[in-house]
Amino acid sequence: MERELKFLLASPHLPALPHGYLAGTAQPSKHVLDEYLDFRGQILSAGWRLRRRRSDGQAVRYTLKAERAPSASGPLSERAEIERTPVAHEELPAEIATELTSAGIDLPYVRSRLQSYLTLRQERQAFALTYEGSEVAVLSIDTIRASGSGSEGECRWSELEIEFLDSITPEVRERAVSELAPWLAAQEGVTAAGQSKVARAADLLSIAL
């Protein structure tokens, strides 16, 4: 399960954090290329989005993301996620292929016809976010350029994401959300983002999902 806070930034800079929270030393910036793949909307219709990611110094990864959970609200996003690197001779990681098949998709037919309907090019700077000395999340500042199949031009914006570690307890996460979300939303140039990057790009580029 992916759990993260998302905010739009007027400029790609780290805003002030509330007392007790600290962003560690910035990791080197990474260039990330995300391609969202489908064939005639069959994966989207099954409630999933399939992403292929290439980034500096890392193997290609595939991620299957569900729609945002109805229980999530405001800047908090929660959704099921499977992220894997394919092993040798795999077109898609086995766990992702199994999930798509379980969703009723004719995978042998669809897999050979996958096409990119949306491309995101990101420059990402990540920080380890700690609370009173314990790491609770990865905070990243992303500068995004999005383009879509069949649409002209591109759109750009900046986001701040706080992705909570799976290892923290629900109580720690809930406290962090209750403290970070209102604090950050009150900072100048910061706005709570109520949608994913894909949904925002689709709206800006007038792409139907």
Yes or no: E91 assigned to a loop (DSSP other than H, G, I, E, B) and within 29 Å of Q115 (Cα to Cα)? yes
Count of residues meeting criterion [farther than 14 Å from F127 by Cα and among the hydroxyl-bearing types (S, T, Y)] in the stretch 1-29: 1
For the subset of the stretch 180-209 comprising residues that are among the polar types (S, T, N, Q) and more than 16 Å from H13 (Cα to Cα), which member is surrounded by the most Cβ atoms within 10 Å (Cβ to Cβ)? S196
Given (1) crowded, with 17+ Cβ neighbours inside 10 Å; (2) more than 30 Å from L37 (Cβ to Cβ); (3) modelled with pLDDT under 95, where does G148 come up short, assuming only one miss? (2)
Kindly list the number of the only condition in (1) in a loop (DSSP other than H, G, I, E, B); (2) under 25 Å from I207 (Cα atoms); (3) not acidic (D, E) that fails for R49. (1)
Would you be able to say whether some residue in the stretch 9-25 is assigned to a strand (DSSP E or B), at pLDDT 95 or above, surrounded by 13 or more Cβ atoms within 10 Å (Cβ to Cβ) and under 12 Å from the mean Cα position of the chain (by Cα)? no
Given the options E99, E132, E123, E78, name the one that is in contact (Cβ under 8 Å) with a residue 40 or more places away in the chain, acidic (D, E), surrounded by 13 or more Cβ atoms within 10 Å (Cβ to Cβ) and farther than 23 Å from V32 by Cα. E99
Here is a check on your reading of the model: is T85 in contact with an Asp or Glu (Cβ under 8 Å, 6 or more places away or on another chain), among the β-branched types (V, I, T) and farther than 30 Å from E179 by Cβ? no
Which members of the stretch 190-208 meet the condition of being within 15 Å of L120 (Cα to Cα), not charged (D, E, K, R) and not in a loop (DSSP other than H, G, I, E, B)? V198, A199, A201, A202, L204, L205
Based on this model, can you work out whether S112 counts as surrounded by fewer than 13 Cβ atoms within 10 Å (Cβ to Cβ) and at pLDDT 95 or above? no
In the stretch 83-96, what count of residues is obtained for those that are surrounded by fewer than 18 Cβ atoms within 10 Å (Cβ to Cβ) and closer than 27 Å to L5 by Cα? 4
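The values are calculated or read from the model by the stated rules, or taken from the named source; none is laboratory data. Note that this is a predicted model, so its numbers are computed, not measured. Here Cβ is always computed from backbone atoms with ideal geometry, including for glycine, and neighbour counts include all displayed protein chains.
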